[in-house]
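Below is one structure, written out as structure tokens; the observations come after it.
What follows draws every value from the coordinates through simple rules; no lab data is involved. It should be emphasised that the depicted structure is a prediction, and the values quoted were computed from it without experimental measurement. Backbone-built Cβ (ideal geometry, glycine too); neighbour counts: all protein chains shown.
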Amino acid sequence: MKNRKYVLALDCGTSSVRAIVFDLFGAPVSCVARSVKLDYPVPGYVEQSAEEIWTRQISAAYEAITSAGISAGEIAAIGITNQRETAIAWDKKTGQPLAPAIVWQCRRTAERCARLAASPEMETVREKTGLVADPYFSATKFEWMMENVPGLRARAERGEVAFGTVDSWLLYRLSGGRSFLTDLSNASRTMLCDIRAGAWDASLCSLFGIPESCLCEIRPSSGLFCETEPDLLGAPIPVCGVAGDQQSALFGHACVDAGELKNTYGTGGFLLMNTGARPKLDRKGGLLSTVAWQRDGKITYALEGSVFVCGAAIQWLRDGLAIIHSSPESEELARSVPDSGGVYLVPAFTGLGAPYWNSAARGAILGITRGTERGHIARAALEALAYQTADVVREMERVTGESVRSLRVDGGAASNDLLMQIQADVLGVPVRRPAYAEITARGAAMLAALGVGAISSPEEFLAGEKTTVFEPQIGDERRREMLDGWHEAVRRVL
Ligand code: ADP
């Protein structure tokens, strides 16, 4: 154990996979990324090759170890974090995938979900799983495979098929085909798991016609899952941490106490708030309740809200309006004006998510005058990202009855200093941005290091952390004025 001074994080994302070696003080030593192909065979369908996910991930892992200049025997543990909800079916004996992986974004079960939403069962489903009726979640994807892949149903009923999420698939392959495991944070996204019991639910399995014998065993997020097949990386390495990507990011930010939250500003925005030992159900709104992680015998829950269009609004400034050449340029352009000059941009390109949930709404730019310049539009776009985030945060405060004290941030658009300042201003609390960008992978590394006992607290891993803090710089009155203008603009598009 003494010479094992590193942890390896495998971050298996949707468009790319990464492998990062960290030392036990949380410093990154090497990082290798590989792209993964997405297939769109029919409009609305999104698929991937499970085999390609595996080969890309394991080759990235191998190269990360080599380029760190270390040997596999020096790695104390592996942590896995992954795109959530994506459904994979494989043959338990041969390990052959039995269908293309159905990616979380795939809408093929939209009609099924509309029926589910209107059914009397939905209330129990929502109560047990914390989720809403949406094609994202794995259950209707597995159900679709059972109904549409020739011969699959009969084989599943004989217990010959494994239905798993991406974490399970990687654990299976890493273990040389010996492990059928998942962690509770991933299981909580399938719609087959009772999040209070922390276990598969027989009535949910029968609702979707999934034989429970095909599901993987649920384990805590931190602790031993399996050992890797020695030939794969040069020595057997224990896998000791697993969590879904958003939950892993929450952990990677060390949001370990109730009330702490993070936002990831990617193409879309993902907000998660730690709600402690009990799930908080948003009965009237669209926030999800989910398992953040399970460790030390305790389940920690989170509230989750997403913003459909986040960095995508900046991409639209670049590709749609062509007023910038690159996303970072949005900052310089927005700084060319002192404020948005009364312009509001509502980026409801595909409707509005939490807390409005209106799929018919379309975007708008309001408040344009003869004096409006490109800079005002860019500034209004950045402000819109901050307003949408603030709306979800206020919704989380309503559901939990707690006031947020600060917001931790990561993701591509979080590198925009002006956006971060606007965010602190409209929220009225400090925004904390770590210098290190790969927070999702760091969360998995921390779960693994804790799980194997190489560190004893998350803080140990973060001792060297450098953070930029953006403090609110405007008063309550100005804040209210800005938010009132935004809400008026939203009202106009609804
Ligand atoms: P994803 O993982 O969803 O692909 P990333 O975390 O890589 O997303 O972030 C990419 C998004 O961030 C893009 O939508 C891009 O427009 C936006 N982005 C990147 N840099 C900046 C910046 N400096 N200012 C504003 N937006 C940015």
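Once you sort the root eigenvalues of the Cα gyration tensor of segment 203-283 as a ≥ b ≥ c, which label holds: rounded (a/c under 1.5), prolate (a/b larger than b/c) or oblate (the other case)?
Working: a/c = 2.07, a/b = 1.21, b/c = 1.70.
Oblate is the answer for segment 203-283, as a/c is 1.5 or above yet b/c matches or exceeds a/b.
Beyond 27 Å, how much of the Cα-Cα pair distribution for the chain remains, as a whole percent? Intermediate results must be reported in sequence, preceding the final value.
On the way: 67338 of 121771 pairs.
Everything past 27 Å amounts to 55 percent.
How big, on average over all directions, is the shadow cast by the Cα convex hull of segment 389-494, in nm²?
Numbers: hull surface 35.0 nm².
For the Cα atoms of segment 389-494, the hull's average projected area reads 8.7 nm².
Quick one: of 92/262; 92/128; 37/141; 92/298; 262/298; 298/466, which pairs are farther than 26 Å apart, Cα to Cα? Present the calculation step by step, with values, prior to reporting the outcome.
On the way: 92/262 38 Å; 92/128 29 Å; 37/141 19 Å; 92/298 31 Å; 262/298 21 Å; 298/466 30 Å.
Violating the 26 Å Cα-Cα cut-off are 92/262; 92/128; 92/298; 298/466.
Please give the FRET efficiency for residue 397 paired with residue 51, using the beta carbon to beta carbon distance and R0 = 41 Å, rounded to the nearest 0.05.
Numbers: r = 44 Å, r/R0 = 1.09.
Efficiency, rounded to the nearest 0.05: 0.40.
Can you list which of the trypsin sites (Lys or Arg not before Pro) found in segment 45-123 are DSSP loop residues with at most 11 other C-beta atoms within 10 Å? Please list the in-between numbers first.
Numbers: sites: 56, 84, 92, 93, 107, 108, 112, 115; in loops: 84, 92, 93, 107, 108.
Taking segment 45-123 and a limit of 11 other Cβ atoms within 10 Å, the loop trypsin sites (Lys or Arg not before Pro) found are 93.
Using the alpha-carbon atoms, what tilt in degrees (0 to 90, nearest 10) does helix 374-400 show relative to the longest principal axis of the chain?
Long axis of 374-400 versus the principal axis of the chain: about 60 degrees.
How far is helix 138-148 tilted, in degrees, relative to the longest principal axis of the Cα atoms in the chain, given as a value from 0 to 90 rounded to the nearest 10?
That works out to roughly 60 degrees.
What number, rounded to the nearest 500 deg cm²/dmol, is the helix-based mean residue ellipticity at 222 nm of the chain, given -39500 (n - 2.57) per DSSP H run of at least four residues and division by all its residues?
Details: 17 runs with 173 residues, N = 494.
Rounded to the nearest 500, the figure is -10500 deg cm²/dmol.
Nearest 0.05, what FRET efficiency do residue 476 and residue 178 give at R0 = 45 Å with Cβ-Cβ as r? Before the final figure, lay out the partial values.
Working: r = 59 Å, r/R0 = 1.31.
Calculated transfer efficiency: 0.15.
Could you list 385, 462 so that the one with the fewest beta carbons within 10 Å of its beta carbon is first and the one with the most is last? Display every interim value, and only then the final one.
Values: 385 27, 462 18.
By the 10 Å Cβ count, ascending: 462, 385.
Direction-averaged shadow area of the convex hull around the Cα atoms of segment 6-246, nm²?
On the way: hull surface 49.4 nm².
Answer in nm², one decimal: 12.4.
Compute the distance from the alpha-carbon center of segment 127-150 to that of segment 383-422, in whole Å.
30
Under a Cβ-only charge scheme (Lys and Arg +1, Asp and Glu -1), can you give me the dipole magnitude of the chain about the Cα centre, in debye to the nearest 20?
Working: 51 positive and 58 negative charges, 83 e Å.
That gives a dipole near 400 debye.
Compute the FRET efficiency between residue 37 and residue 298 as 1/(1 + (r/R0)^6), taking r as their Cβ-Cβ distance and R0 = 41 Å, and round to the nearest 0.05. Don't skip to the end; give the middle numbers.
On the way: r = 39 Å, r/R0 = 0.95.
So, using R0 = 41 Å, E works out to roughly 0.55.
Once both labels are modelled 7 Å past Cα along the beta-carbon direction, what's the residue 257-residue 278 spacing in nm?
About 2.0 nm, to one decimal.
Note the full-extension length gain between residue 483 and residue 4 as 0.36 nm times their separation in residues minus their Cα-Cα distance, in nm to one decimal. Please report the intermediate quantities before stating the final value.
Working: separation 479, 0.36 × 479 = 172.44 nm, distance 5.16 nm.
In short, 167.3 nm is gained.
Restricting to the chain, what percent of DSSP beta bridges are antiparallel, rounded to 5? Could the numbers behind the result be given before it?
Working: 55 of 78 bridges.
Percent antiparallel among DSSP bridges in the chain is about 70.
Just rank 366, 181, 450, fewest to most, by other beta-carbon atoms within 10 angstrom.
The most exposed by this proxy come first: 366, 181, 450.
How many angstrom separate the Cα center of segment 458-494 from the Cα center of segment 235-267?
First find each Cα centre; the distance between them is then 22 Å.
Once you have the Cα-Cα distance between residue 117 and residue 358, take 0.36 nm times their residue separation minus that, and quote the gain in nm to one decimal.
Details: separation 241, 0.36 × 241 = 86.76 nm, distance 1.55 nm.
Fully extending the segment from residue 117 to residue 358 adds 85.2 nm.
Starting from the coordinates of the alpha-carbon atoms of segment 7-125, obtain the Kirkwood hydrodynamic radius over all distinct pairs and give the value in Å to one decimal.
The Cα-based Kirkwood calculation yields 16.4 Å.
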